[in-house]
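Just so you know, all these numbers are worked out from the coordinates, no wet-lab data involved. Given the structure is predicted, the values throughout are model-derived calculations rather than measurements. Cβ placement follows ideal geometry from the backbone for every residue including glycine, while neighbour counts extend to all protein chains displayed.
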Amino acid sequence: MALTREQKEQTVTETTEALSGAVSYVFVSYDALTVADVEDLRTKMGEADVSLRVLPKRLLKIVCQNVELPFDPTETEGQLAVAWSSDAIAPAKIIDEFIKDHDNLQLVAGAMEGSLLSLDEVNALAKLPSREELLGKLVATLAGPMTGTVRVLSGVQRSAVYVLTAIKEQKESNS
């Protein structure tokens, strides 16, 4: 069923607003994906708070023009979808993981904070650790010196106890 002009305008407006508020988004070619595969992808994206929208290329071109992104979807082959999120790496990471099991899905391009990214840059972005992983590493790095200090200080106490125990045993053996 074809979309009416009003529906197309509403779709373009909604997508433009969503992409304007997103930190990053990726464009994906999804030829020959089954309905089950698309639903699985949408489920994984929903868990990570990533949105996915399939648009005709001419409407996607208007959206790109509205967000001032120098990307022309009509120059790419296959059907396109756009995935976006407020997390900088989540869309690229989820698509990259999904591609491992589905050969008929391909990253085409991406954007971060309004700047177009090449395919290599999107792939590099997908390889970065997630925000939670980075925060965990930061906490471990910050806690490292404190943990070391506690170990050193407890070692001094332990050594003092060993010395006192040795003195006690020596006095007991002399008596």
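Structure notes:
- Remark: region 81-175 carries a charge dipole of roughly 800 debye about the Cα centre, counting +1 on each Lys and Arg Cβ and -1 on each Asp and Glu Cβ.
- Note on the chain: Cα-Cα pairs beyond 22 Å make up 56% of the total pair count.
- 3J(HN,Hα) along region 103-120, derived from phi through the Karplus expression 6.51 cos²θ - 1.76 cosθ + 1.60 where θ = phi - 60°, amounts to 5, 8, 10, 9, 6, 10, 6, x, 8, 9, 6, x, 9, 5, 10, 6, 4, 5 Hz, with x in place of Gly and Pro.
- Computed over region 130-175, the P(r) tail beyond 18 angstrom holds 57 percent of alpha carbon pairs.
- Cβ-based charge dipole, the chain, positive-most Cα from A18, M146, V38: M146
- Among G78, G148, G21, residue whose mean-square fluctuation peaks in a GNM of the chain (springs only between Cα atoms under 10 Å): G148
- Pairs of Cα atoms nearer than 8 Å and 6+ residues apart set the relative contact order; for the chain it is 26 percent.
- C-alpha long axis of helix 131-174 to longest principal axis of the chain, angle in °: 10 degrees
- Region 81-175: trypsin sites (Lys or Arg not before Pro) in DSSP coil with no more than 10 other Cβ atoms inside 10 Å: K100
- In a fully extended conformation the segment linking D72 and K137 would gain 19.5 nm over its present Cα-Cα distance, using 0.36 nm per residue.
- For region 74-81, putting each phi into the Karplus relation 6.51 cos²θ - 1.76 cosθ + 1.60 with θ = phi - 60° gives couplings of 5, 8, 9, 8, x, 7, 10, 9 Hz, in residue order, rounded to whole numbers and with x for Gly and Pro.
- Positive-end extreme of charge dipole, the chain - chosen from L80, Q157, A124 (charges on Cβ): Q157
- Extending 7 Å from the Cα toward the beta-carbon at both L164 and D40 defines two label points whose distance is 6.4 nm.
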